[in-house]
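Bear in mind that the values in this text are calculations on the coordinates, not laboratory data. In this text the structure is predicted, and so the values were computed from the model without any measurement. Here the Cβ is made from the backbone with ideal geometry for all residues, glycine too, and neighbour counts use every protein chain on show.
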Amino acid sequence: MELTAVIEALKLLKYPCNVSLYSDSAYVVNAFLQKWIMGWQKNNWKTSDKSDVKNKELWQELLELTKIHNVTFIKVKGHSDNEFNNRCDELARTAIKELSVN
């Protein structure tokens, strides 16, 4: 879900932007900061152990969005009293409750 959230957020932007993207998902952030995604592309979307990259289509979509927007990925520690991360958790919990009621 973290990957989808990042994609959907970037898709909301109407024109190319400089984006500081904060996430508590080490997987999403490290894919860019540690250049995993570049290795996956180079290796035909295979991981270092030669298995298929999971959610390849989502990673490809995110990669295309990072070509439109100048995205800086910033890792935040989850559940560590970060104001914005806490707000995101609150919004997600509220949305889940609303979906389960409807």
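Structural remarks
- Remark: the Val101-Gln41 segment gains 17.5 nm on full extension, using 0.36 nm per residue and subtracting the alpha carbon distance.
- Length gained on full extension, Thr94 to Asn82: 2.5 nm, using 0.36 nm per residue less the C-alpha separation.
- Under the criterion of Cα pairs below 8 Å and six or more residues apart, the relative contact order for the chain equals 38 percent.
- Here is the list for the range 1-75: trypsin sites (Lys or Arg not before Pro) lying in DSSP coil, each with at most 12 other C-beta atoms within 10 angstrom of its C-beta, are Lys14, Lys35, Lys50, Lys54.
- For Lys42, the aspartates and glutamates whose Cα falls under 17 Å of its own Cα, not counting residues fewer than eight places away in the same chain, are Asp52, Glu57, Glu61, Glu64.
- The residues packed around Asn85, meaning those with a beta-carbon under 15 Å from its beta-carbon, carry a net charge of -2 if Lys and Arg are +1 and Asp and Glu are -1.
- Principal-axis analysis of the Cα atoms of the chain puts helix 56-68 at an angle of about 90° to the longest axis.
- Over the C-alpha trace of the range 18-77, radius of gyration and Dmax come out as 11.6, 34 angstrom.
- Each Lys or Arg adds one and each Asp or Glu subtracts one; over the other residues with Cβ under 14 Å from the Cβ of Ser48, this totals +3.
- Proximal charge balance of Gly39 [Cβ under 14 Å; K/R count +1, D/E count -1]: +3
- The chain: angle of helix 83-101 to the longest principal axis, Cα-based, in degrees nearest 10: 70 degrees
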